[in-house]
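The values are calculated or read from the model by the stated rules, or taken from the named source; none is laboratory data. Just so you know, these numbers come straight off a predicted model, no measurement behind them. Neighbour counts are summed over all protein chains in view; Cβ atoms, including those assigned to glycine, are modelled from backbone coordinates with ideal geometry. These accessible areas exclude ligands, DNA and RNA; they are computed on the full protein's heavy atoms, side chains included. Shrake-Rupley method; radii C 1.70, N 1.55, O 1.52, S 1.80 Å.
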Amino acid sequence: MTASEMENGWIVEATISEMRQRMDDDEITAEQLVLIYLERIAQQNAQCKAILEVNPDAVHIARALDAERKQQGNRSVLHGIPILIKDNMDTNDKMHTSCGSLALKDFYAPEDAFLVKKLRTAGAVILGKTNMTEWANFMSDRMTNGWSSRGGQVVNPYGLFDVGGSSSGGAAAIAMNMAAVAIGTETTGSIINPATQNSLVGIKPTVGAISRGGIIPLAHTQDTPGPMARTVKDATLVFQHLVGKDLNDPVSHLSTQFDTVQWSSLFDENALQGIRLGIPRQIFEHEASKERLKLFSIALKKLTDAGAILVDPIDLGTMENDLGYDVLVHEFKAGLNAYLGRTPASNPIRTLQDIIQFNNEHATETLKFGQVMLERAQRTSGTLTEQLYIEMLIKNRHLAAGVALGKALEENSVHALVFPQDHGCSFGAAAGFPSVTVPANYSEAGEPFGLTFSGSAFTEPQLISYAYAFEQLTIARKKP
């Protein structure tokens, strides 16, 4: 089967299960899959700038995995499946790790990130690295989503809409069928936002579900990686292989709570029957456009049709603006300096100050939007001893975990909250709690609209089941 035949056939919008079956039936090889996706990247990436670089060894890795499959069988359902990862994740190969910054354009990580090791162990092919909002959207408060000095501006494949940030490149690439799944990271909305803007499923996990080891940090109390895919099942198949305990990331020891989960049992079309869902209207009713509120109402009607019980409205007892960015400002310098300080001596960029200085020396290329957030973070001590930081950390965790996603859920006896798009994502971010977003509809102009389910810590299985039932009811996603 030629690449052009694949192009016009099942490869567009193909699921992991379909790829797996085709490989097992000897109708296609992992090597052919990689070549097909590389061809699609060559045809489309110049327009959307979603991918920074491809893995030069991807074809050979796939060929070796094909031989292994014939001799020993599949390592997992991901054996031979091409996956993209965000440019803030370390890979010990011939690709750089730069967080979208020209300051790190020549940096090669000495070791794979923990989640990259898990993907390789599962037999996935790391196809390439995706563009992203530079420094995970913490460089400037004026920077557009999806822009980096190293990769330029990621474009939304659905039209002249916000592409979302900061996992922008991964979202655009999967929307355009350049790989099976992309792995992004979220600190505040950076998986949920680009997933909704590109008509994808995004899983923002509980902090601790997946190790952050080997990922360039923004804020250690909020950072978490997670998958973006075209279907709930694909996102879940990858998520379950990312979960695991990393000795170098203490909070990941909590992931043992998933040890007994039967992930295949989550795909139940009737999972919404009798489920109580809270609708926190005060969080978004004055921010969302009339059209988005209308699309949200349509989605809520479909939830009730599926047997869900809506508690509408529900008061979360706080607003997103009550949380602020002080925790991120302080944690960024401490985390980034620690990461850079552990890189090989050959890397000249060793501190946040080095990055700021590099940008000043290359202002034409790097300071299109300035670097006010980098400079603000640099003014902190980097020791996390400031009274403001500690007070805000305690306050945010209380408001988000104790009140909005704790007390409000319990007092109203609801299983999860439902939001339009990425509204409310600050609560899950500050609390370290999970969310799952799923395509729901499109605006009249064609902009994607997503429905997001949010819950308490380690309720990913339940949220995934709700998202799957909604997805099967609506089949809303359309390719761009």
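Being touching a strand residue (DSSP E or B) at 6+ places or on another chain (Cβ under 6 Å), open to solvent by 10 Å² or more (accessible area, probe 1.4 Å), of a type in the set (S, T, N, Q) and closer than 16 Å to ALA180 by Cα: is that true of ASN45 here?
So ASN45 passes the test.
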task: Taking ILE298 as meeting all but one of (1) crowded, with 19+ Cβ neighbours inside 10 Å; (2) assigned to a helix (DSSP H, G or I), write down the number of the exception.
output: (1)
task: Only residues that are in contact with a Lys or Arg (Cβ under 6 Å, 6 or more places away or on another chain) and assigned to a strand (DSSP E or B): list them for the stretch 395-429, please.
output: PRO420
- prompt: Which residues, counting only those in the stretch 239-283, are open to solvent by less than 50 Å² (accessible area, probe 1.4 Å) and part of a helix (DSSP H, G or I)?
  reply: PHE239, HIS241, LEU242, VAL251, SER252, SER255, PHE258, TRP263, LEU266, ILE283
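Every residue, every condition in (1) open to solvent by 10 Å² or more (accessible area, probe 1.4 Å); (2) under 15 Å from ALA195 (Cα atoms), yes or no:
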site	(1), (2)
LEU409	yes, no
GLU447	yes, yes
PHE458	yes, no
ALA469	no, no
ILE475	yes, no
Any hit, the stretch 372-381, residues being surrounded by fewer than 14 Cβ atoms within 10 Å (Cβ to Cβ) and of a type outside the set (A, V, I, L, M, F, W, C): yes
- request: Using the structure shown, decide if GLU291 is at pLDDT 95 or above and either in contact with a helix residue (DSSP H, G or I) (Cβ under 8 Å, 6 or more places away or on another chain) or assigned to a strand (DSSP E or B) (or both).
  value: no
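Working only within the stretch 218-252, note down all residues that are in contact with a Gly (Cβ under 6 Å, 6 or more places away or on another chain) and either within 21 Å of GLY169 (Cα to Cα) or of a type in the set (Asp, Glu) (or both). Explain how you work it out, then say what you get.
Pass one, the stretch 218-252, residues in contact with a Gly (Cβ under 6 Å, 6 or more places away or on another chain): 220, 228, 246, 248-249, 251-252.
Answer for the stretch 218-252, where residues must be in contact with a Gly (Cβ under 6 Å, 6 or more places away or on another chain) and either within 21 Å of GLY169 (Cα to Cα) or of a type in the set (Asp, Glu) (or both): MET228, ASP246, ASP249.
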statement: Residue hits (the stretch 72-95; of a type outside the set (S, T, N, Q), open to solvent by 10 Å² or more (accessible area, probe 1.4 Å) and either closer than 17 Å to LEU33 by Cβ or touching a Phe, Trp or Tyr at 6+ places or on another chain (Cβ under 6 Å) (or both)) are ARG75, VAL77
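Those residues that are within 24 Å of GLN153 (Cβ to Cβ), hydroxyl-bearing (Ser, Thr, Tyr) and either open to solvent by less than 50 Å² (accessible area, probe 1.4 Å) or in contact with a Leu (Cβ under 7 Å, 6 or more places away or on another chain) (or both), I need them from the stretch 332-371; list them, please.
Step one: list which residues in the stretch 332-371 are within 24 Å of GLN153 (Cβ to Cβ), which gives 332, 336, 349, 355-356, 358-371.
Filter again for hydroxyl-bearing (Ser, Thr, Tyr), leaving 364, 366.
Across the stretch 332-371, the qualifying residue is only THR366.
Identify, please: which residue in the stretch 48-71 is without any contact (Cβ under 8 Å) to a residue 60 or more places away in the chain and in contact with a helix residue (DSSP H, G or I) (Cβ under 8 Å, 6 or more places away or on another chain) and is, among those, surrounded by the fewest Cβ atoms within 10 Å (Cβ to Cβ)?
Restricting attention to the stretch 48-71, the residues satisfying the condition of being without any contact (Cβ under 8 Å) to a residue 60 or more places away in the chain are 56-57, 59-60, 63-64, 66-71.
After this cut, where a residue has to be in contact with a helix residue (DSSP H, G or I) (Cβ under 8 Å, 6 or more places away or on another chain) as well, the list is 59, 63, 66, 69.
Working: VAL59: 18, ARG63: 16, ASP66: 19, ARG69: 19.
Across the stretch 48-71, the extreme among qualifying residues is ARG63.
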- prompt: Any chance the stretch 367-382 includes a residue that's part of a loop (DSSP other than H, G, I, E, B) and touching a His at 6+ places or on another chain (Cβ under 6 Å)?
  reply: yes
Yes/no for THR196 being of a type in the set (S, T, N, Q), modelled with pLDDT of 95 or more and either open to solvent by 10 Å² or more (accessible area, probe 1.4 Å) or within 23 Å of LEU78 (Cβ to Cβ) (or both): no
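Looking at the stretch 322-340, is at least one residue aromatic (Phe, Trp, Tyr), outside any helix (DSSP H, G or I) and free of Cβ contacts under 8 Å to residues at least 24 places away in the same chain?
Filtering the stretch 322-340 for residues aromatic (Phe, Trp, Tyr) gives 325, 332, 339.
Add one more test, that the residue is outside any helix (DSSP H, G or I), and what stays is 325.
Still in the list and also free of Cβ contacts under 8 Å to residues at least 24 places away in the same chain: 325.
Yes - at least one qualifying residue is present in the stretch 322-340.
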- request: Answer yes or no: is there a residue in the stretch 33-42 that is open to solvent by less than 40 Å² (accessible area, probe 1.4 Å), outside any loop (DSSP other than H, G, I, E, B), among the hydroxyl-bearing types (Ser, Thr, Tyr) and closer than 16 Å to GLY169 by Cα.
  value: yes
- request: Considering only the stretch 149-186, state which residues are touching a residue at least 60 places away in the same chain (Cβ under 8 Å) and open to solvent by 10 Å² or more (accessible area, probe 1.4 Å).
  value: SER149, ARG150, GLY151, GLY152, GLN153, VAL155, PRO157, TYR158, GLY159, PHE161, MET176, THR185
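Take the stretch 214-238 and flag every residue that is assigned to a loop (DSSP other than H, G, I, E, B) and either on the phi < 0 side of the Ramachandran plot or out of contact with any strand residue (DSSP E or B) (no Cβ under 7 Å at 6 or more places or on another chain) (or both).
Correct list: ILE216, PRO217, LEU218, ALA219, HIS220, THR221, GLN222, ASP223, ARG230, THR231.
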